[in-house]
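Here's the structure we're looking at; comments come further down.
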Amino acid sequence: MPDLSDLWAAFARLEAEIPDDYRSPVIQDRLAGLREPASARGRRGCTRNSRTVTAALSAAAAVAALTVMVTVMGDHADDRTPIGNHNATGQVPSLPASPPPSPVGTPPTSVITHPAPNGAMPATASDLIDYVQGGAPTAEVGYQQGSSQAGQPMRPRPGIAEFTTPSGNIVCGMMGAASTVSVTCLVIQHTYPTPPTPSSCHLNWVASSLSILSGEVSRGLCLGGEPFDPISTVLPYGSTLRHGSLACRSESAFLSCVDLATRHGFAVNRAEVRTY
Amino acid sequence: MRLTADDFAAYVAAHQTALLRFAVVLCGDRHLAEELVSDVLVKAFERWTDVATADHRHAYVRRMLVNHYISWQRKWARQRPYGDEIVDCAVSDRAHELAERDALLAGLRRLPRQQRAVIVLHFYEGLSTDETAETLGCRPGTVRSHLSRGLAALRIDYTQREAPDA
């Protein structure tokens, strides 16, 4: 005669049909194209156009993929000495004292065709695009994390590219493809003003983060868990990493990212953030 | 202020796996589970303001899922009786334990939907009889009755039952 342990074992067998990282294409398809109700936008006085769930899911998936640990690292820009990083358990993993070797496929970084003009952030979107594209092209393969499967828009091919600036102060994830491409960067130490926590955010508000989602720049992230996975490859100063229509250039003065399709982007360092 | 779509997407990203697992345990069919969860998420998005302000939004969505399962199953059962899916297998001595679990799965599929929902909420989700009753919108006495009958139908040794309500 079966007992409760057999019942729980039966539940476990059913439950095992859904792997930990499974993202249902059925659900993805059903949610694709959903838009916020006009009433919700009106109540908030939101200036942005109606936001699709697909775009938001892409962003949320990106955050989920990167939401592993919280890192507290050194300053970006003129301080290359990492302070250390702390994971969610309070442990302090060691960081390399010097930048790690270039990833596979990364060309020499000494060729910088468009050096930073005295550390000043680009004045216009066109300047930003020229500047970012002027960095030394870097092969994305060295920055990709994990794998993905066809039919899983939430983890679209070719996967997620993550990088850390040499100072360790900025960690970014570039993900998605075509219209869902996005980049999210977390700035660990900063002195610039940040947006306040929205009343609708009951999770962790990461005020210092910057993203390009659906071609637009947004500041702050509301997410569960703690950001970010610090185990990503250093993008050497002077290098530009491309992912779809997105490009990010790492420089000692500031990090800059732009969506070449929409011409929106941002530049950020510890003291300043500028959006385009 | 946080956009509805962002908040909803964050919820989906965080809870999709748990919802799917709950649904597959509830209905016993992965494909149906995906249909149920996608239906419910669309409904939840349409009323996200209510869901987001609920004390326990996951419990709110779970309640939507159970209710959808019960009503959806009613329609589905007319087209595709659960019992037809079960294939009797020859049982070797070596496979006795697995066969017993297969029989248990088959038994679960044969249970009336409300009995199954009660058993899943109580023994899988770990809800008390009061919480289960609240989820299903019925009285605790009804839950206890479903539990008793469901366990009897599954021929589960009721004497070993723990008392999660205590």
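Residues that are at the interface with chain A (Cβ under 10 Å from one of its Cβ atoms) and not β-branched (V, I, T) within segment B:37-60 comprise B:S38, B:D39, B:L41, B:F45, B:E46, B:R47, B:W48, B:A52, B:R57, listed in sequence order.
Listed conditions (1) closer than 22 Å to B:L127 by Cα; (2) touching a residue at least 24 places away in the same chain (Cβ under 8 Å) are all met by B:A33, apart from (2). Within the option set B:R30, B:R47, B:R63, being more than 14 Å from the chain's Cα centre (by Cα) and basic (K, R) holds for one residue only, B:R47. Just so you know, in segment B:122-153 the residues that are in a helix (DSSP H, G or I) and of a type in the set (K, R) include one that is nearest to B:V66 (Cα to Cα), and it is B:R144.
The condition (being in a strand (DSSP E or B), modelled with pLDDT under 85 and small (G, A, S)) is satisfied by just one residue among A:A207, A:A161: A:A161. Screening segment A:233-276 for strands (runs of 3 or more DSSP E) wholly inside it with 3 or more residues that are buried (at least 22 other Cβ atoms within 10 Å of the Cβ) returns the ranges A:239-243, A:246-250, A:255-259, A:264-268. Annotation note: Cβ proximity below 8 Å between a residue of segment B:1-26 that is more than 20 Å from A:P196 (Cα to Cα) and at pLDDT 85 or above and a residue that is acidic (D, E) and assigned to a helix (DSSP H, G or I) (sequence gap 6+ or interchain) occurs for B:L20/B:E34; B:R21/A:E15; B:A23/B:E34; B:V24/A:E15; B:V25/A:E15. Looking only at residues in segment A:1-22 that are facing another protein chain (nearest Cβ under 7 Å) and under 35 Å from the mean Cα position of the chain (by Cα), the one that is surrounded by the fewest Cβ atoms within 10 Å (Cβ to Cβ) is A:D20. In this structure, A:G151 does satisfy being modelled with pLDDT under 85, surrounded by fewer than 21 Cβ atoms within 10 Å (Cβ to Cβ) and within 14 Å of another protein chain (Cβ to nearest Cβ).
The values are calculated or read from the model by the stated rules, or taken from the named source; none is laboratory data. Fair warning: this is a prediction, and the values are worked out from it, not measured in the lab. When we count neighbours, we look across all protein chains shown, and the Cβ atoms used for this are built from the backbone with ideal geometry, even at glycine.
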